[in-house]
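Report on the following structure.
The values are calculated or read from the model by the stated rules, or taken from the named source; none is laboratory data. All figures in this text were calculated on a predicted structure; none of them were measured in a lab. A quick note on method: Cβ atoms are made from the backbone with ideal geometry, for glycine too, and the neighbour counts reach across all protein chains shown.
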Amino acid sequence: MRKRMSTGGTSHLAASIEKDLSTRNTNLLNPHISGIADICASVLITRTVNTGEWILVLPRDIDAKSQERYISRLLANDLIDIKSVMQDFVKELITMYELL
């Protein structure tokens with residue numbers, strides 16, 4: 001797991017997401033797992049799709065312009081296959097729904 005710049009709030013949530021993603025069959029590289037975890041945590045904390053607000057809580061020790069570039073590059077990365085990342089989550093949701 002990547003060391004984040006702080007220990008509470010977004011960092012704590014990102015660490016939990018990263019740990020969960022690491023145990024799933026997502027076909028992601030480690031840098032992608034930590035990046036997605038950081039962005040997911042930022043989205044959940046801000047409850048918005050506005051990347052400008054994500055930058056305010058993104059647990060990375062870099063300036064705002066670099067954070068903006070980082071988010072854009074990660075979201076546009078061709079090595080991240082959304083279907084394979086979401087596959088385990090979809091199976092889990094279907095199983096939960098069937099148990100209702």
Of residues in the range 11-70 being among the basic types (Lys, Arg) and in a helix (DSSP H, G or I), the one nearest to Phe89 (Cα to Cα): Lys19
Inter-residue pairs, beta-carbon under 8 Å, first at positive phi and touching a residue at least 60 places away in the same chain (Cβ under 8 Å) and in the range 56-78, second of a type in the set (Ser, Thr, Tyr) and surrounded by 11 or more Cβ atoms within 10 Å (Cβ to Cβ), 6+ apart: none
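So that you can scan it fast, the table gives a plain yes or no per residue for (1) hydrophobic (A, V, I, L, M, F, W, C); (2) farther than 16 Å from Ala14 by Cα:
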| residue | (1), (2) |
| --- | --- |
| Asn30 | no, no |
| Ala37 | yes, no |
| Asn50 | no, yes |
| Val57 | yes, no |
| Glu68 | no, yes |
Selection from the range 71-100 of residues that are in a loop (DSSP other than H, G, I, E, B), at pLDDT 90 or above and either of a type in the set (Asp, Glu) or exposed (fewer than 11 other Cβ atoms within 10 Å of the Cβ) (or both): Ala76, Asp78, Leu79, Asp81
